[in-house]
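**Student:** Here it is: the structure, laid out below.
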Amino acid sequence: MTTVRAPAALTEPAEPVGRGWTAALSLANGAIWVGWFGPLQILLASQAKDFAPGSGTSKESLLAWVTGAGAVVSLLANPLFGALSDRTTARRGRRTPWIVAGSGGGALALLLLAGADGPWTMALGWCLVQLTLNAAFAAVTAAVPDRVPRLQRGAVGGWLGAAQILGVVAGTGLATAAGGIGAGYAACAVFTVVGVLPYVLAYEDLRLAAEDRPAWSWRSFLAGFWLSPRRHPDLGWAWLTRFLINLSNSLVLLYLLYYLRDRLHHADPDQGVLVLTAVNSLTLVATVVFGGIWSDRVGRRKPFVVWSGVLMAVATAALAGWQTWPGAIVAAAVLGIGFGVFTSVDFALMTDVLPTALDRGKDLGVINVANALPQVAAPALAAPIVTYLGGYRVLYLVAAVIGLAGAVLVGRIRGVD
């Protein structure tokens, strides 16, 4: 009797990946984040300041509209390109063509954004950056469940998380050190392309044969973006957990400058935000890899996600109850510890609950919506709380409760220890 073997691209990986593969994929991930956060942290705000006087709106409003439009594009693009990469039968594999096209297109979009001459071309350029870089990001993310065994995903997720943080720092540094808006965009564009080259040149992707690809149907393609919580309850609970904890974290960060200025009366709130960000980043980097490796070694995910969520909720509550500058520093450090562990282990948890190997890219794209959607929901929730419902004390208590709810709901996931 002949045994029919599933194609390598659609099987659960068993062979551990090496340090070189992990380092190259992490560098590619960091390069994508450079392309996002050089503009977000520095360059878009500078352009908004230049274009606002002739647009009839404030620089704050212009920046909010441009980044909001980009966020909408990001919400749609990530699952779309993930689904397209799932169906790709190119000679270079399912993911690599999209990493190349996405990073190259992102670099061109950054250069287009550098030449923007008004609000509309600025918005168009940023939306194109989000569209293209999300294509690359969806493919990079999907490469992990394609190639990494389950009990190595925590460590790999930790290195990807560390690269993400360093990419944010590097993007901000490049945009600042380049000496101008155009030079800043050019530096970020070059880094975005160069950073993906070690992975796409040195490591072969898994190919999907044309006969293994499902027949095309618009109806089934579009219907695939709805992942029924009834049919896939573990995925539904995992998505909700990620959404709630990210929403809690977004609520903490959104008005941090105003919290320092208006509530703590800090002498230099801008400098204060920089100090808190540095403290948070240091503890986050210190735990993001360690948490993933520890999770792999003990073979468990849920306890790490639960306790990291609880730790973040405690730190957030401290911002409400211990409203002093030392209290803010301690809270920032503890938040970094909790979010570092959560970032790596939750990523591994998400890959463990994916329904099918055929749809890994699309399903991870839908899951990644739980990262982007809180950035849209947080302002809508935070503004009325701060303005009408009790101010910053109530805001951070609400954020703590939301994060704690996310941690508790991890227990509803049944298919992962």
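**Student:** Could you work out which residue, out of V17, V306, V140, moves most in a Gaussian network model of the chain, that is, has the largest mean-square fluctuation with Cα springs under 10 Å?
**Tutor:** V17
**Student:** Separate question: Read through the labelled values (i) 77, 49, 40; (ii) 55, 52, 42; (iii) 109, 78, 41 and report the label of the one computed as Cα extents along the principal axes in Å from the structure.
**Tutor:** Here the calculated entry is (i).
**Student:** Another one. Suppose only helical runs count, i.e. DSSP H with n ≥ 4. What mean residue ellipticity at 222 nm does that imply for the chain under -39500 (n - 2.57) per run, divided by all residues and rounded to the nearest 500 deg cm²/dmol?
**Tutor:** Helix-only estimate at 222 nm: -25500 deg cm²/dmol.
**Student:** Place the peptides 196-202, 263-269 in order of packing, highest mean first, counting for every residue the other Cβ atoms within 10 Å and averaging per peptide.
**Tutor:** 196-202, 263-269
**Student:** Given the options G272, G125, G35, state which has the largest fluctuation in a GNM of the chain using a 10 Å cut-off (strictly under) for Cα springs.
**Tutor:** G272
**Student:** About the Cα centre of the chain, how large is the charge dipole given +1 on each Lys and Arg Cβ and -1 on each Asp and Glu Cβ? Please answer in debye to the nearest 20.
**Tutor:** 800 debye
**Student:** Among I402, L251, S61, which residue has its Cα positioned farthest towards the positive end of the charge dipole of the chain, with +1 placed on the Cβ of Lys and Arg, -1 on the Cβ of Asp and Glu, and the dipole taken about the Cα centre?
**Tutor:** Result: I402, furthest along the dipole toward the positive end.
**Student:** Once the cut-off is 15 Å, how many percent of the Cα-Cα pairs in segment 366-417 end up in the long-distance tail?
**Tutor:** 61 percent
**Student:** Here's something else I'd like to know. Pick from I99, I367, I181: which is most flexible by mean-square fluctuation in a GNM of the chain where alpha carbon atoms under 10 Å apart are linked?
**Tutor:** Result: I181 has the largest fluctuation of those listed.
**Student:** What is the mean projected area of the alpha carbon convex hull for segment 261-417, to one decimal in square nanometres?
**Tutor:** 10.0 nm²
Each reported figure results from applying straightforward, stated rules to the coordinates on display, with no laboratory input. Quick caveat, the model's predicted, so the values are computed rather than measured. Note: ideal-geometry Cβ built from the backbone for every residue, glycine included; neighbour counts use all protein chains shown.
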